[in-house]
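Asks: Okay, handing you the structure first.
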Amino acid sequence: MSDAYRAVQWNAHKRIYDLIIALSVTGFIALFVLFGRVFFPPPENISLPILLIRAFGVCAMLMLHIILIIGPLARITPLAAPLLYNRRHLGVSFFVVALLHALLALGFYGGFGTENPVLAVLDAPPGSVPFEFFGFLALLIFAMMAATSHDFWLATLGDAWWKTLHMLVYIAYTLVIAHVLFGALQSEPNLIPTLMLLLGAATVLSLHLWTGAREVMFDFNRNPLQLEEDNNAEWVDVCSVDEIQKSRAKVVQIEGQDRIAIFRNDNSLSAVTNVCAHQGGPLGEGKIIDGCITCPWHGYQYKPDTGESPPPYTEKISTYEIRVEGRRVLIRPEPHPPGTHVEPVPFDPWLNEGDSE
Amino acid sequence: MIAFVVYVVGIYLAIGLVLAFPFVFSWHKRINPMTQNATLPFRVLCIPGTAILWPYLLIRIFHK
Ligand code: FES
């Protein structure tokens, strides 16, 4: 969140997250090398540099798949939300692992020769598939993504450009699949690694298609609530208070408007836009933590009554007028400018549906 | 072809790296005033991104 720029904005959760990444990567590399040594003893011993190149390569592939499935998974189950929260650090860690894989390969296959080591590695013999070059292009894209992952770049490039740039991950992913398929797997007599790669790609693809279809269903199937002609669309009946769990939200869509998230903080309701000011995360899938609406994507926080981030941060989101009649929640569909105060509306959680009539 | 791409990328990044220093220590604040009080580690962290996006950043500055 923005006040003055710092290199890394750590908090307790992110420190634990990063520690787990560091330990997992180190553990994976160590185990990979150990198994390589045990299962391929001399004379068919795989040399240590090659084992390390493979260990970093496989580790990078695993991390890339995790990164790519966290997003859709978090739309399906809130259990994946903690992973999504600090995906950016996972992304940068992945780049470091992929870079180490590339540097080791560069040193091992291209080092100490008379030719430029990069060209020595990338120049494929005529007629063969230049799989190293695919990896090189993918690495360039990952470098650009890692280098521009800080919020400063989001603010400098603007939301649309930043997102477009980071969508290149799918091109890079395709290049990586080609890099592995035409590279390491060509000399692999065992079919299992190829099947695992295809399974990974199928998982990424199907999860994206599934969540994409769900989004389309939400927009087209759930019939946005219609504005009523006869009362000048002043208020729209959107749901019952009983549909909103404590510290959570219900997301509603009113015809011609962005989605609105109605949050329940103790026994009062507030309505804000469902779109996070950071990167458009779905606020309604987040929850209220320490009295603030907390975005499930990267943890940006907003006060329910004003839509402002708590000081010293400066982000703001739109708020909406809300009213409770009996058990019904009504909303005025016109958003207030971001940061406008709207008094939260109290309601009696113990009142039954029939009592209110 | 591959050699050509590698040299173009290399030259592009080398120019970007040289330009990154004035950017991170001074020019960025013309585009984003919030970098005025940024910490040194943050500025160092901006070097790779600046080396990659330097043409865009130059255009932004000259446009102003
Ligand atoms: S915190 Fe990043 S999108 Fe909400």
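Asks: Report ³J(HN,Hα) in whole Hz for each residue of the range B:11-25, in order, from the Karplus equation J = 6.51 cos²θ - 1.76 cosθ + 1.60 where θ = phi - 60°; Gly and Pro get x.
Replies: With the stated coefficients, the range B:11-25 comes to 5, 4, 5, 5, 4, x, 5, 5, 6, 4, 5, x, 4, 6, 9 Hz.
Asks: With solvent modelled as a 1.4 Å probe, how much accessible area in total do chains A and B shield from it at their shared surface, in Å² to the nearest 100? Please report the intermediate quantities before stating the final value.
Replies: Details: alone 19620 and 4850 Å², together 22360 Å².
Buried: approximately 2100 Å² between B and A.
Asks: Would you compute the Debye intensity of the range A:171-214 from its alpha-carbon atoms alone, equal scatterers and no solvent, and pass along log10 I(q)/I(0) at q = 0.13, 0.26, 0.34 Å⁻¹ to two decimals?
Replies: At q = 0.13, 0.26, 0.34 Å⁻¹ the computed log10 ratios are -0.34, -0.91, -1.14.
Asks: Where Lys and Arg each count +1 and Asp and Glu each count -1, what net charge lies around residue A:321 among other residues with Cβ under 14 Å from its Cβ?
Replies: My count for the surroundings of residue A:321 gives -4.
Asks: Further question on the same structure: Tell me, what ³J(HN,Hα) does each residue in the range A:205-214 have, in order and in whole Hz, if you take phi through Karplus 6.51 cos²θ - 1.76 cosθ + 1.60 with θ = phi - 60° and put x for Gly and Pro?
Replies: 5, 5, 5, 5, 5, 4, 5, x, 5, 4
Asks: If you filter the range A:64-173 for chymotrypsin sites (Phe, Trp or Tyr not before Pro), then keep DSSP loop positions with at most 15 other Cβ within 10 Å, what is left?
Replies: Those that pass, being in a loop and sparsely packed, are A:112.
Asks: Additional query: Can you give the convex hull volume of the alpha carbon atoms of the protein assembly as shown per residue, in Å³? Let's see the in-between values first.
Replies: Values: hull volume 81.7 nm³, N = 421.
Dividing the Cα hull volume of the protein assembly as shown by its residue count gives 194 Å³.
Asks: Next question. Roughly how many debye, to the nearest 20, is the charge dipole of chain A about its Cα centre, given +1 on each Lys and Arg Cβ, -1 on each Asp and Glu Cβ, and no other charges?
Replies: 1460 debye
Asks: If we count every other residue with Cβ under 13 angstrom of residue A:86's Cβ, Lys/Arg +1 and Asp/Glu -1, where does the sum land?
Replies: Around residue A:86, the charge tally is +3.
Asks: Continuing with the same structure: Set the bar at 24 Å for Cα to Cα. Now go through A:14/A:303; A:14/B:29; A:163/A:246 and name every pair that lies beyond it. Write down the numbers at each step before the final one.
Replies: Numbers: A:14/A:303 22 Å; A:14/B:29 28 Å; A:163/A:246 33 Å.
Beyond 24 Å: A:14/B:29; A:163/A:246.
Asks: A further question follows. Gain in length, residue A:129 to residue A:185, computed as 0.36 nm per residue apart minus the alpha-carbon separation, to one decimal in nm?
Replies: 18.9 nm
Asks: Averaged across B:41-49, how many Cβ atoms of other chains sit within 10 Å of each residue's Cβ atom?
Replies: Across the residues of B:41-49, the mean count of other-chain Cβ atoms within 10 Å is 5.
Asks: Return the long-range amide H neighbours of residue A:239 (sequence gap of 5 or more, or a different chain), with a cut-off of under 5 Å between placed amide H atoms.
Replies: Counting only residues 5 or more places away or on other chains, the set is A:329.
Asks: Given a Förster distance of 60 angstrom, what is the FRET efficiency for residue B:18 paired with residue A:216, based on the Cβ-Cβ distance and rounded to 0.05?
Replies: Plugging the Cβ-Cβ distance into 1/(1 + (r/R0)^6) gives 0.80.
Asks: So how many Å³ per residue does the convex hull of the Cα atoms of the range B:2-63 work out to?
Replies: 73 Å³
Asks: Sticking with this one: Sorting check: for A:235-247, B:6-18, which peptide has the highest mean count of neighbouring beta carbons within 10 Å, and how do the rest follow?
Replies: A:235-247, B:6-18
Asks: Additional query: Just tell me how shielded A:138-149 is by partners: mean number of partner chain Cβ atoms within 10 Å of each residue's Cβ, no decimals.
Replies: Details: counts 0, 0, 4, 0, 0, 5, 4, 2, 2, 9, 6, 2.
Average neighbour count from other chains, rounded to a whole number: 3.
Asks: Residue A:174 to residue A:208: extension gain in nm, 0.36 nm per residue of separation minus the Cα-Cα distance?
Replies: Using 0.36 nm per residue and subtracting the Cα-Cα distance, I get 10.8 nm.
Asks: Which whole number gives the average count of other chain Cβ atoms within 10 Å of the Cβ atoms across peptide A:124-135? Please list the in-between numbers first.
Replies: Values: counts 1, 0, 0, 0, 0, 0, 2, 0, 1, 4, 0, 0.
Average per residue, whole number: 1.
Asks: Leaving out ligands, DNA and RNA, what percent of the accessible area of chain A is carbon and sulfur, probe 1.4 Å?
Replies: For chain A, the apolar C and S fraction of the accessible surface comes to 65 percent.
Asks: Tell me which residues come under 5 Å, amide H to amide H, from residue A:275 once H is placed; ignore anything under 5 positions away on its chain.
Replies: A:283
Asks: For the protein assembly as shown, with the dipole built from +1 on Lys and Arg beta-carbon atoms and -1 on Asp and Glu ones, taken about the Cα centre, which of A:309, A:102, A:268 lies farthest toward the positive end?
Replies: The residue sitting farthest along the positive end of the dipole is A:102.
Asks: Still on this structure: Please report, in Å, the Rg and the Dmax of the range A:232-357, where both are computed over Cα atoms only.
Replies: 13.7, 45
Asks: If you don't mind, another one. Just to be sure I understand the model, the point goes 7 Å from the Cα along the line to the Cβ. What's the resulting residue B:47 to residue B:63 distance in nm?
Replies: About 2.8 nm, to one decimal.
Asks: Rounded to the nearest 10 degrees, what's the angle between the helix A:131-147 long axis and the longest principal axis of chain A, both from Cα atoms, 0 to 90?
Replies: Rounded to the nearest ten degrees, it is 40.
Asks: So what are the ³J(HN,Hα) numbers for the range A:100-117, from phi and the Karplus equation (6.51, -1.76, 1.60; θ = phi - 60°), rounded to whole Hz, Gly and Pro as x?
Replies: For the range A:100-117, the Karplus-derived couplings read 5, 4, 5, 5, 5, 5, 5, x, 6, 8, x, x, 6, x, 8, 7, 3, x Hz, x marking Gly and Pro.
Asks: Divide by every residue of chain A the summed helix terms, -39500 (n - 2.57) for each DSSP H run of at least 4, and state the resulting mean residue ellipticity at 222 nm, rounded to the nearest 500 deg cm²/dmol.
Replies: Dividing the helical sum by the residues of chain A leaves -15500 deg cm²/dmol.
Asks: Can you work out the accessible area per residue across the range A:240-333, with the rest of the protein chains kept in place, probe 1.4 Å, in square angstrom?
Replies: Solvent-accessible surface per residue comes out at 37 Å².
Asks: Quick one: accessible area per residue over the range A:1-104, 1.4 Å probe, rounded to a whole number of Å²? Numbers along the way, then the final one.
Replies: Numbers: 5450 Å² over 104 residues.
Accessible area per residue, the range A:1-104: 52 Å².
Asks: Between residue A:103 and residue B:56, how high is the FRET efficiency from 1/(1 + (r/R0)^6) when r is the Cβ-Cβ distance and R₀ = 25 Å? Nearest 0.05. Please report the intermediate quantities before stating the final value.
Replies: Numbers: r = 28 Å, r/R0 = 1.10.
Working from the Cβ atoms, E equals 0.35.
Asks: Another question about this same structure. Taking 0.36 nm per intervening residue step and subtracting the Cα-Cα distance, what contour gain separates residue A:7 from residue A:167 on full extension? Don't skip to the end; give the middle numbers.
Replies: On the way: separation 160, 0.36 × 160 = 57.60 nm, distance 2.35 nm.
Taking residue A:7 through residue A:167 to full extension adds about 55.3 nm, to one decimal.
The values are calculated or read from the model by the stated rules, or taken from the named source; none is laboratory data. These figures come from a predicted structure and were not determined experimentally. Cβ atoms come from the backbone with ideal geometry, glycine included; neighbour counts cover every protein chain shown. Each accessible area value is taken on the protein alone, full model and side chains, heavy atoms only, with ligands, DNA and RNA left out. Shrake-Rupley method; radii C 1.70, N 1.55, O 1.52, S 1.80 Å.
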